[in-house]
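The values are calculated or read from the model by the stated rules, or taken from the named source; none is laboratory data. What you see is a predicted model, and the numbers here were worked out from it, not measured in a lab. Every residue, glycine as well, gets a Cβ built from its backbone with ideal geometry; the counts of neighbours run over all protein chains shown. Just the protein is used for accessible areas: all its heavy atoms, side chains included, with ligands, DNA and RNA removed. Shrake-Rupley method; radii C 1.70, N 1.55, O 1.52, S 1.80 Å.
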Amino acid sequence: VNTDGVIDVVRENFENALQNAQDILAKVQSGDTSVTQSQVDNAWRNLIKAMQYLSFKQGDKSDLEAVIRMAEGLDLSKYIESTLDGFEEALTAANDVYADENAMQDSVDPAWRELLRAMSDLRLKPDRSALEELIAQARRLNEADYEETSFRAMLGVLAEAQAVCDDGGAAQE
């Protein structure tokens with residue numbers, strides 16, 4: 001039986017059951033008459049039961065580790081605070097799965113996928129510098145240098161631009 005990659009608790013249970021069965025067998029083979037049929041049956045049952053769990057393999061955590069490292073490398077001060085909650089919960093859950101020696105693939109895959117989804121939901125704080133510069137340039141325009149209708153149209157757009165600039169919740173777009 002190959003126990004490579006088997007969850008530690010399952011491997012230990014199998015090794016204990018195997019050792020117990022081997023001990024019982026050795027006693028029987030040496031002529032020990034104190035061994036009962038019940039002991040043989042229990043050793044056999046425990047070994048068979050332990051073998052049934054040998055398919056419980058540890059999950060491959062390489063993708064999970066890569067996504068966690070990427071997430072931990074983010075400068076969270078650059079993101080809108082309201083988008084951080086789901087990210088922090090997903091990062092904590094991913095780290096919990098990563099630390100779990102018995103985590104199987106069906107726990108590992110959803111953990112890194114959820115963390116990746118949470119990272120994609122993060123929203124950068126908008127950079128208003130270009131908009132602020134454009135607004136400042138527009139405010140310096142001299143009305144006398146332009147046709148009245150085009151200057152009024154510019155003032156309407158300027159008011160809209162200023163409202164967006166003043167909106168703390170405005171997205172980068």
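When mean projected area of the Cα convex hull in nm² is calculated directly from the model, which label among (i) 10.6; (ii) 14.9; (iii) 14.4 fits? So the structure-derived entry is (ii).
Using a probe of 1.4 angstrom and keeping all protein chains present, the accessible surface of segment 60-173 works out to 67 square angstrom per residue. Taken over segment 34-173, lysine pairs spaced eight or more positions apart, or on distinct chains, with alpha carbons under 29 Å apart number 4. Choose one answer from Ile80, Ile24, Ile68: the residue with the largest mean-square fluctuation in a GNM of the chain with alpha-carbon springs under 10 Å. With Cα springs under 10 Å in the chain, the top fluctuation among Ile80, Ile24, Ile68 is at Ile24.
Under a model in which nothing but the beta-carbon of Lys, Arg (+1) and Asp, Glu (-1) is charged, the chain shows a dipole of about 700 debye around its Cα centre. FRET efficiency for the pair Asp60 and Asp167, taken as 1/(1 + (r/R0)^6) with r the Cβ-Cβ distance and R0 = 45 Å, rounds to 0.50. Considering helices alone, the calculated mean residue ellipticity of the chain at 222 nm is -21500 deg cm²/dmol, with DSSP H runs of length four and up weighted by -39500 (n - 2.57) and normalised per residue. Using R0 = 45 Å, the C-beta based FRET efficiency linking Asp4 and Thr92 works out to 0.90.
Evaluating 6.51 cos²θ - 1.76 cosθ + 1.60 at θ = phi - 60° for every residue in segment 54-65, the Karplus couplings come out as 5, 7, 7, 8, 5, x, 6, 9, 5, 5, 4, 4 Hz, glycine and proline recorded as x. Derived scalar couplings between HN and Hα for segment 37-45 equal 4, 4, 5, 4, 4, 5, 4, 4, 4 Hz in order, rounded to whole Hz, by the Karplus curve 6.51 cos²θ - 1.76 cosθ + 1.60 (θ = phi - 60°), x for Gly and Pro. For segment 98-154, the list of trypsin sites (Lys or Arg not before Pro) that fall in a loop by DSSP and count at most 10 other C-beta atoms within 10 angstrom reads Arg140.
Between Ala159 and Leu134, the modelled label-to-label distance comes to 1.9 nm, taking each label 7 Å out from Cα in the direction of the beta carbon.
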